[in-house]
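The values are calculated or read from the model by the stated rules, or taken from the named source; none is laboratory data. In this text, all values refer to a predicted model and were calculated from it rather than measured experimentally. With ideal geometry, Cβ positions are generated from the backbone for all residues, glycine too; neighbour counts draw on all protein chains shown.
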Amino acid sequence: MTEENIAASEGTAIAVADRPTKLTPYKQRRAAGAVELTPKHKLLADYMAHGTNHIRAQRLGIPTNVPLSVEQAAAVLDIRRRNAREITALPEFQKLLLKLTAALRSGEYARSIRTIVEVRDDTGAGLAADRKVRLDAAKTLIGDDSDKGLNVNVNLGVRVTPGIVIRVRDPGPEIKTIEGTPNLLGVTR
């Protein structure tokens with residue numbers, strides 16, 4: 001019997017330090033930074049930006065048609081959470097997610113303007129708060145940022161230098177004290 005077989009039969013673990021670590025071609029490309037996103041990776045980004053109404057999401061109880069978290073999107077696509085986090089760390093994925101959210105933002109721009117116009121045109125109850133909201137909406141529409149003003153921070157501190165501090169008290173009037181012993185037993189004479 002060889003030394004390895006004897007150790008294995010005795011139940012001791014054998015450390016395999018001499019085994020060469022060979023990376024798969026995908027892992028070699030990923031280490032070099034030359035990995036393209038697969039269609040599943042692109043769906044992961046799409047689900048994170050826009051959401052999905054996939055039947056698997058409905059079966060898992062994941063909300064539909066709302067942007068999903070990484071874990072939720074990974075569950076819908078049947079990707080391990082660890083792999084999904086690694087995918088989201090890729091620069092290509094970050095660029096794609098940024099592109100999708102920018103498209104979503106530009107698509108919502110007109111709707112946001114319409115909402116601001118509606119707020120501006122709504123008179124409300126005629127209270128001062130309603131007028132303030134209408135005024136802020138109008139300023140937002142015309143792009144007036146004049147009310148932001150100048151921001152000034154002033155730090156006033158006390159300088160402390162190392163050394164000995166001697167406090168001299170003002171000698172005020174003498175404090176008169178009554179001297180005596182307390183009657184602890186409550187007995188009077």
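Here are a few things to note about the model shown:
- For ARG159, the stated conditions hold: it is part of a loop (DSSP other than H, G, I, E, B), at pLDDT 70 or above, farther than 30 Å from SER112 by Cβ and not aliphatic (A, V, I, L, M).
- LEU96 falls short on exactly one of the conditions (1) modelled with pLDDT under 90; (2) assigned to a helix (DSSP H, G or I); (3) touching a Lys or Arg at 6+ places or on another chain (Cβ under 8 Å), and that condition is (1).
- Looking at ARG19, ARG29, ARG111, just one residue is within 30 Å of GLY143 (Cβ to Cβ) and at pLDDT below 90, and that residue is ARG111.
- Verdict on ALA84 being of a type in the set (A, V, I, L, M, F, W, C), within 12 Å of HIS50 (Cα to Cα), without any contact (Cβ under 8 Å) to a residue 60 or more places away in the chain and touching a Leu at 6+ places or on another chain (Cβ under 8 Å): no
- Filter result (assigned to a helix (DSSP H, G or I) and within 18 Å of LEU60 (Cβ to Cβ)) within region 71-85: GLU71, GLN72, ALA73, ALA74, ALA75, VAL76, LEU77, ARG81, ASN83, ALA84
- Looking across region 122-146, just one residue is modelled with pLDDT under 75 and either of a type outside the set (D, E, K, R) or more than 23 Å from TYR109 (Cβ to Cβ) (or both), and that is SER146.
- Options THR88, THR188; residue that is modelled with pLDDT of 85 or more and either under 30 Å from the mean Cα position of the chain (by Cα) or more than 30 Å from ALA57 (Cα to Cα) (or both): THR88
- VAL117 being β-branched (Val, Ile, Thr), under 28 Å from the mean Cα position of the chain (by Cα) and part of a helix (DSSP H, G or I): no
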